[in-house]
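The structure appears below as C-alpha cells.
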Ligand SMILES: [Mn+2]
C-alpha cells in the first residue's frame, strides 16, 4: 500500500484536461511511490463512465463523489475537502489542478518531508508583478483583499499544493472560515483566502513544480526545467495552439482524442469567434508583456526565488 498520491478533484466538465494530466502524472511517478487519483464530484452518467473506464485501464483511481461533500460550496473549493474523501493511509498528498501538464518525475515531490502544519506552494506571478512594476501597494489587488504587504510579496498560487493529509482538516477550516467571513466573494475564491489565512507561513516550492505557462514567453523553461506546467488562465492549451505554447502543448490533447475517440463527443470546443479573439489576445500579450517579464530584473528575481525555495 503506498502512502502518497497525486490527487485531482473536478466535476465532469473538467475531466478532459484532467485525464491528460493524470495520465502524464501516472507515467511520472513510480507505482510504488504514489497513486494517481481523480475525484469526480457529481452524479455518475455515461460521460463519467467513459472516463472511469479509461482510468481503470491505465492505473488511475477514479472515484465519484457526491456533491454533498462540498457543503454547498462551488467546485473551486473542492480541494479543501479532499481529507473527507481520501483514505487515511495517504500521508502525503500532491494536489494538482486539471489545467496542468506533467513532464518529469513527481517522485521527489511526493517524498519530500514537510514539517507539521506547513505546505508547499509556488509563488504566484502576481507577487512579482506588483513589486517590479513599482506599483504603490495600496493600489494593488492584493492590498484590496486585505493582504499585508509582507504576505503579498509571497502571494502563492493554489494550483499545485503538496501537503500532509493529517494537516489538511485544520488548514481547510481556517481557509473556509476566512472565505465565509467575506461571503465567499473573492476573485480567486480558493487562492485568496488561503493566502490570507496563511500569509507567508508556507514553504516555497520551485517553479519547476508549478510553472506558469506564460513564462514560456520569456524562455524561463531553460532556467527552471519545469516538470509541471500550469495553464492558469483562458485560453487553455486544449482550446487551441495559441501563443506562447503553440503546437507543443496543444497536441497532447489531440493525441488523447486519437487514442480515445470516445472522448471526442464528450467535450465542448470553442466557437470560431472566440478562437479568433484568443489568437489576437495571446499575440498581443506576447508583444506587450514580454519586455517586462523577459527583463533582467524579473529574471534575477525569478532566479532568486528558485535559489531560496524550500524544495
Ligand atoms: Mn489552474
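What shape does region 9-91 have by the C-alpha gyration tensor, where a ≥ b ≥ c are the square roots of the eigenvalues, rounded means a/c under 1.5, and otherwise prolate means a/b greater than b/c and oblate the rest?
Numbers: a/c = 1.92, a/b = 1.24, b/c = 1.55.
Oblate, because a/c is 1.5 or more while a/b does not exceed b/c.
Mind jotting down the distance between the C-alpha centroids of region 95-111 and region 192-250, whole Å?
Comparing the Cα centres of region 192-250 and region 95-111, I get a distance of 12 Å.
Which ordering of 127, 295 is given by a fewest-first count of other beta-carbon atoms within 10 Å? Each step should come with its number before you reach the end.
Values: 127 21, 295 13.
Going from least to most buried by this count: 295, 127.
Among DSSP beta bridges whose residues both lie in the chain, state the antiparallel percentage, nearest 5.
On the way: 12 of 33 bridges.
Antiparallel bridges: around 35 percent, rounded to the nearest 5.
How do 91, 208 line up, fewest other C-beta atoms within 10 Å first? Walk me through the numbers on the way to the answer.
Working: 91 13, 208 20.
Arranged by neighbour count, lowest to highest, 91, 208 become 91, 208.
Using only alpha-carbon positions, what ratio does the radius of gyration of the chain give when scaled by 2.2 N^0.38 Å? Could you put the intermediate results ahead of the total?
Values: Rg = 19.0 Å, N = 311, 2.2 N^0.38 = 19.5 Å.
For the chain, the normalised Cα radius of gyration is 0.97.
Run the numbers for residue 149 and residue 134: contour at 0.36 nm per residue of separation, minus the present Cα-Cα distance, in nm. Write out the running numbers ahead of the final one.
Details: separation 15, 0.36 × 15 = 5.40 nm, distance 1.31 nm.
Computed gain between residue 149 and residue 134 is 4.1 nm.
Return a whole-number percent for the relative contact order of the chain, with Cα pairs under 8 Å and 6 or more residues apart as the contact set. Write down the numbers at each step before the final one.
Working: 487 pairs, mean separation 57.0, N = 311.
Once divided by the residue count of the chain, the mean separation gives 18 percent.
Give me 211, 198 ranked fewest to most by other Cβ atoms within 10 Å of their Cβ, as a rough exposure proxy. Let's see the in-between values first.
Numbers: 211 25, 198 20.
Sorted ascending by nearby Cβ count, the order is 198, 211.
If you stretched the chain out fully between residue 308 and residue 255, how much longer would it get, using 0.36 nm times the residue separation minus the C-alpha to C-alpha distance?
On the way: separation 53, 0.36 × 53 = 19.08 nm, distance 3.77 nm.
Using 0.36 nm per residue and subtracting the Cα-Cα distance, I get 15.3 nm.
I'd like to compare 262-273, 96-107: which one has the highest average count of other Cβ atoms within 10 Å, and what's the full order after that? Walk me through the numbers before you get to the answer.
Working: 262-273: 11.7, 96-107: 21.2.
With the highest mean Cβ count within 10 Å placed first, the list reads 96-107, 262-273.
What does the helix-only formula give at 222 nm for the chain: each DSSP H stretch with n ≥ 4 adding -39500 (n - 2.57), the total divided by the residues, and the result rounded to the nearest 500 deg cm²/dmol?
On the way: 12 runs with 122 residues, N = 311.
Helices in the chain give a 222 nm mean residue ellipticity of -11500 deg cm²/dmol.
Taking Rh as the Kirkwood radius, which is the inverse of the mean 1/r over Cα pairs, what is the Rg/Rh value for region 191-241? Write down the numbers at each step before the final one.
Details: Rg = 13.3 Å, Rh = 12.6 Å.
Computed over Cα atoms, the ratio is 1.06.
Compute the Cα gyration tensor for region 211-308, then decide on rounded, prolate or oblate, letting a ≥ b ≥ c be the square roots of its eigenvalues: rounded whenever a/c is under 1.5, prolate when a/b is larger than b/c in the other cases, and oblate in all that remain. Provide the component values of the computation, followed by the final result.
Values: a/c = 3.32, a/b = 1.68, b/c = 1.98.
Oblate is the answer for region 211-308, as a/c is 1.5 or above yet b/c matches or exceeds a/b.
Read-outs throughout are calculated quantities, based only on the coordinates presented, and are distinct from any laboratory measurement. Predicted, not measured: the structure shown is a model, and the values here were computed from it. Heads up, the Cβs are rebuilt from the backbone with ideal geometry, glycines too, and the neighbour counts pull from every protein chain shown.
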